[in-house]
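Here's the structure we're looking at; comments come further down.
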Amino acid sequence: MTTWKALVVDDQPAVRTAISLLLEVHDVPCAVAATPAAALEIIASDDIGVVVQDMNYAGDTTSGREGVELFRAIRKLDPEMPVVLMTAWTSLETAVELVKDGAADYIAKPWDDARLLAAVRMWLSRRTEQQESRRVLARRARDREELAGRVDLAGLVYASDEMHAVVRLAVTVANADVPVLVLGPNGAGKERIAEIIHRNSRRRDRPLVRVNAGSLPDTLIEAELFGAEAGAFTGATKTRVGRFEAADGGTLFLDEIGNLTPSGQMKLLRVLQTGEFERLGSSVTRHVNVRVVSATNADLPRMIREGTFREDLYFRLNVVEVAIPPLCDRPDDVLPLAEHFLRMHAESAGRPALKLTAAGRAALVAYVFPGNVRELGNRVQRATVVAAGDEITVGDLGLTGESRRPPDPTEKPSRTSGPLREVDAEEHRTIEAALTRANGVVSLAATALGMSRQALYRRMERVGLSIERRPRGE
């Protein structure tokens, strides 16, 4: 792990000496520079984790222009570098504007030792968190690449640990050749998981047949699933092969299984138990070897208690259960999916490469997506059609106004009781401000602070900051 240093940039030797002694006495590694040029050289060659810079470097100026130029040069050299501005009252307004542009903080001269030390420690710690976050993200990427290199992911796009666990389970059970029940809300990707299971099974070279079980009326269930002989019913002029027969040797994907009628449940149970069925209008018993993967967004245990779903069918279908979390519970997937859809729809529409604005990216991360991945894809497709330029804005995505708010329970940051050390108090203020700007959306605040959600939660716990959940209407 890198040992980060603080860099003090000031043209006055007394200031450099005072601040460097303050930091070194408190075991904070430190480097100093007298000019902007020297500061940029040190940043380029040393492990600098935070810069404490003056706003003026010429004896006859108080405009702060040199400080602005140095700040912008630092941001260009290292966009993630936290910069704490040291300012006298004459350049205070300029410092405030730079904070709006991304500076970490400003501290007025003469400074308060405790506040300066707390700020430096906090930002050095933040730098370490950023490094750890990048390490974790790199490990995740390697894990995904390793998995994608040895299995067929059917084009699935994801980045989150939550979805990686789902994919690993799907791949693990693929060769087990047992029934699998895929659970998850509408639009979350249940059919894609079923396809991954099929493509990585021993049945991959045989058909994957899809059936929307919930759309089958009682009068067509037998003909659709088991087939029908010519003349079996009015209009049946030729023999019809059913879905089970079409999937022989392969996989049958039964979507919306929770909406299957009681009569349909009974007919399905028999073929699952024996592998045998008769076509409608025939007495010949046929046998098939089919693996069944079913999917639903329904609460099947509750339906069993209410008597609307057969318990014996449930246990036939649910040998292994794969649960897909909603998109709002895996925000790390939002931007990779959005960029994937953006490339796909832009190419389809014959448009040049499009990109999301920073505000558009933030709005996507903040939005709850009740329609999950399907809604995200639709919003991006809409944006590629209506966007006037080569950038996708919040308005293009249709995420203006109330649509950007997270769902209830609403969240706001609150502090637990107990005194805080000065360093924790400084960090508490920074995190609380980020959460407030993000409207309580932890993932969005973490992005703004340059760390992972997990790292932000750990820091919130350490400084006594929690998320207060309020019911709708308060």
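Just a few scattered comments:
- Residue in the stretch 355-375 that is in a helix (DSSP H, G or I), farther than 30 Å from Asp101 by Cβ, touching a residue at least 40 places away in the same chain (Cβ under 8 Å) and not charged (D, E, K, R) present: yes
- Extreme residue, modelled with the lowest pLDDT, among residues of the stretch 336-373 that are closer than 15 Å to Val385 by Cα and basic (Lys, Arg): Arg351
To keep it simple, each residue is scored yes or no on (1) among the small types (Gly, Ala, Ser); (2) in contact with a strand residue (DSSP E or B) (Cβ under 8 Å, 6 or more places away or on another chain); (3) within 23 Å of Glu278 (Cβ to Cβ).
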{"site": "Arg203", "(1), (2), (3)": "no, yes, no"}
{"site": "Pro217", "(1), (2), (3)": "no, no, yes"}
{"site": "Glu222", "(1), (2), (3)": "no, yes, yes"}
{"site": "Phe233", "(1), (2), (3)": "no, yes, yes"}
{"site": "Val241", "(1), (2), (3)": "no, yes, yes"}
{"site": "Glu245", "(1), (2), (3)": "no, yes, yes"}
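- Looking across the stretch 258-291, not a single residue is in a loop (DSSP other than H, G, I, E, B), under 27 Å from Lys190 (Cα atoms) and charged (D, E, K, R).
- On inspection, Glu145 does not qualify as in the same structural domain as Ala39 (by TED's automatic domain parsing) and not polar (S, T, N, Q).
- Any hit, the stretch 205-222, residues being farther than 28 Å from Phe341 by Cβ, surrounded by fewer than 19 Cβ atoms within 10 Å (Cβ to Cβ), of a type outside the set (Val, Ile, Thr) and touching a helix residue (DSSP H, G or I) at 6+ places or on another chain (Cβ under 6 Å): yes
- Pick from the stretch 152-189, criterion in a helix (DSSP H, G or I) and in contact with an Asp or Glu (Cβ under 7 Å, 6 or more places away or on another chain), ranking: nearest to Arg139 (Cα to Cα): His164
- Checklist (1) part of a helix (DSSP H, G or I); (2) among the hydroxyl-bearing types (Ser, Thr, Tyr); (3) in contact with a helix residue (DSSP H, G or I) (Cβ under 6 Å, 6 or more places away or on another chain) applied to Tyr106, failing item: (1)
- Among the residues listed as Thr261, Thr274, Thr237, the single one being under 15 Å from Phe309 (Cα atoms), surrounded by fewer than 17 Cβ atoms within 10 Å (Cβ to Cβ) and assigned by TED's automatic domain parsing to the domain that holds Pro185: Thr261
- Scanning the stretch 133-152 for residues that are over 16 Å from Val167 (Cα atoms) and basic (Lys, Arg) yields a count of 3.
- Residue check, Arg168 basic (Lys, Arg), farther than 24 Å from Asp248 by Cα and surrounded by fewer than 22 Cβ atoms within 10 Å (Cβ to Cβ): yes
The values are calculated or read from the model by the stated rules, or taken from the named source; none is laboratory data. What you see is a predicted model; the values in this text were computed from it and never measured. Every residue, glycine as well, gets a Cβ built from its backbone with ideal geometry; the counts of neighbours run over all protein chains shown.
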